[in-house]
Amino acid sequence: MTIEKLQEVLTGEASFRLKQAIKLVFVDLISDWEDASVFPLVLREKLKQDLSLDIKADLFLSKEQKSGKAIIHLVDGLKVETTLMNHKDGRNTVCISSQIGCPLACKFCATGKMGFTRNLDYSEILIQIIFWARFLKNKNEKISNVVFMGMGEPLLNYDNVFKAIKFINDPDLFNISSRKIAISTIGLINEIKKMVNERIKVDLAISLHAPNDFLRRKIMPYSENYQLEKLLDTSDFYIKKTNRRVMLEYLLIKGVNDSQKEALELSRLLLGRKLYFVNLIKYNETGSFKPSDQKTINNFKNILLRNGINVIERYRFNQDVFGACGQLALKTT
Ligand code: SF4
């Protein structure tokens with residue numbers, strides 16, 4: 001379901017009908033044209049026939065029933081995964097996929113192991129938002145944040161991602177502030193530079209996962225195209241132009257990147273870079289590696305703190321439904 005398709009189906013109708021239909025779908029979140037009471041019956045019937053609002057999905061809620069993941073069935077039969085995280089403070093963050101599979105094949109990532117099938121169209125990105133917005137509406141809640149941290153590398157699908165962001169940010173549609181939208185990338189330098197010129201300046205998160213190029217290449221083979229120093233220079237530029245802080249995501253993998261040496265190296269890398277913060281994430285098992293134990297995580301974190309680095313430890317959501325970071329691979333049991 002796209003605006004273009006809506007336009008096509010409403011051809012010949014008064015022009016205000018399109019505006020009404022957009023509001024019904026994106027703001028009122030109707031899931032059946034039957035509920036479009038502002039439309040005459042005959043138009044409702046036509047829309048029902050030509051443009052289904054149904055979203056086919058398998059929903060897996062976490063134990064506490066407030067977070068979960070959904071596997072959405074796309075029109076061509078392919079499937080994509082999206083997750084909802086309900087935070088203790090009540091915020092609802094939706095994690096969105098931008099591709100089916102991922103071509104970048106990071107060694108620790110379940111999506112990377114799937115290989116790459118295709119990019120998602122902007123409307124397939126929006127369907128994930130609509131799905132959770134409808135789910136939350138039933139509980140009188142709303143989406144507060146949107147993060148592009150699901151399946152795929154969002155900056156490899158740049159145009160569709162930014163087209164979707166326009167809808168997500170539009171005050172007449174989802175109305176989510178640009179400060180509450182984040183893109184996570186392994187660090188595509190040219191695309192980060194391009195982001196600086198976007199009207200909507202979103203938050204940038206970089207999947208770092210190693211404090212030097214050698215180790216980074218070992219676990220993230222595609223990163224060989226992006227030297228760390230150059231990548232950080234580019235994100236310095238992003239900070240300068242947008243005045244945003246940049247998040248560095250760091251998965252802690254047992255015996256791979258979690259030693260004191262790596263913590264010190266990371267501290268040195270970030271020395272003087274005040275507008276960065278490190279998000280430490282305990283690795284969620286996907287088969288190849290093991291997560292660091294809590295003592296190692298605490299040591300790593302303390303070294304960063306002692307060196308004046310801003311650091312937080314991410315709470316893990318949706319592990320019980322295989323919907324945690326790095327686990328998205330359409331797995332259900
Ligand atoms: S971590 Fe991100 S970039 Fe790497 S394979 Fe997984 S989805 Fe792709």
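Computed values, structure above
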quantity	calculated
The range 79-109: number of residues that are aliphatic (A, V, I, L, M), under 15 Å from ILE125 (Cβ atoms) and within 16 Å of the ligand (Cβ to nearest atom)	3
Test: residue in the range 247-256 that is under 24 Å from GLU198 (Cβ atoms), modelled with pLDDT under 95 and open to solvent by less than 30 Å² (accessible area, probe 1.4 Å)	no
Residue that is farthest from the ligand (Cβ to nearest atom) [pool: residues in the range 196-219 that are surrounded by fewer than 21 Cβ atoms within 10 Å (Cβ to Cβ) and part of a helix (DSSP H, G or I)]	VAL196
Some residue of the range 143-159 being more than 16 Å from the ligand (Cβ to nearest atom), in a helix (DSSP H, G or I) and open to solvent by 10 Å² or more (accessible area, probe 1.4 Å)	yes
Residue match in the range 124-132 (condition: under 20 Å from MET1 (Cβ atoms), in a loop (DSSP other than H, G, I, E, B) and either within 16 Å of the ligand (Cβ to nearest atom) or not assigned by TED's automatic domain parsing to the domain that holds VAL27 (or both))	no
Identity of the residue in the range 310-333, at negative phi, in contact with a strand residue (DSSP E or B) (Cβ under 6 Å, 6 or more places away or on another chain) and buried (at least 21 other Cβ atoms within 10 Å of the Cβ), that ends up modelled with the highest pLDDT	VAL311
Residue count for the range 90-108, restricted to those that are buried (at least 24 other Cβ atoms within 10 Å of the Cβ) and either assigned to a loop (DSSP other than H, G, I, E, B) or at pLDDT below 95 (or both)	4
Test result for ASP76, free of Cβ contacts under 8 Å to residues at least 60 places away in the same chain and over 23 Å from PHE135 (Cβ atoms)	yes
Count - residues of the range 253-295 that are part of a helix (DSSP H, G or I) and in contact with a Gly (Cβ under 9 Å, 6 or more places away or on another chain)	1
Qualifying positions in the range 160-195 - in a strand (DSSP E or B) and open to solvent by 10 Å² or more (accessible area, probe 1.4 Å)	ALA182, SER184
Test result for THR117, within 17 Å of PRO154 (Cα to Cα), crowded, with 23+ Cβ neighbours inside 10 Å and within 16 Å of the ligand (Cβ to nearest atom)	no
Residue that is modelled with pLDDT of 95 or more, surrounded by 16 or more Cβ atoms within 10 Å (Cβ to Cβ) and within 23 Å of ILE181 (Cβ to Cβ), where the choices are LEU84, LEU24	LEU84
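The values are calculated or read from the model by the stated rules, or taken from the named source; none is laboratory data. None of these values were measured; they are calculated from a predicted model. Note that each Cβ is placed from the backbone with ideal geometry, even for glycine, and that neighbours are counted across all protein chains shown. Surface accessibility is based on the protein's heavy atoms, side chains included, excluding ligands, DNA and RNA. Shrake-Rupley method; radii C 1.70, N 1.55, O 1.52, S 1.80 Å.
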